[in-house]
Amino acid sequence: MLRRLRTLFNLRSAICGNNSKGQYDLVVKRVHESEVNCPPFSCIITKVIYLFI
């Protein structure tokens with residue numbers, strides 16, 4: 001179970017790190033992976049994205 005949620009746990013640091021480097025395509029990729037792997041948390045993922053972008 002934790003392996004499936006790894007992308008969700010690392011989403012915040014991935015968004016912050018990739019935004020600071022200007023790698024927006026990787027941000028979109030990470031968000032898509034987290035939505036695919038954790039469908040029940042998709043509304044939480046969307047809120048996290050709006051906080052850090």
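The values are calculated or read from the model by the stated rules, or taken from the named source; none is laboratory data. Remember, it's a predicted structure, so these values are computed and weren't measured experimentally. In this analysis, Cβ positions are derived from the backbone assuming ideal geometry, glycine residues included, and neighbour counts consider all displayed protein chains.
In the range 26-51, the qualifying residues are those that are among the charged types (D, E, K, R) and farther than 15 Å from LEU5 by Cβ, and the one that is modelled with the lowest pLDDT is LYS47. Contact annotation: residue pairs with Cβ atoms under 9 Å, 6 or more positions apart or on different chains, pairing a residue in the range 21-38 that is in contact (Cβ under 8 Å) with a residue 24 or more places away in the chain with a partner that is surrounded by 13 or more Cβ atoms within 10 Å (Cβ to Cβ) and basic (Lys, Arg), are ASN37/ARG6. Which of the residues spanning the range 8-25 are outside any helix (DSSP H, G or I), surrounded by 13 or more Cβ atoms within 10 Å (Cβ to Cβ) and either at pLDDT 80 or above or of a type in the set (A, V, I, L, M) (or both)? The answer is GLN23, and nothing else.
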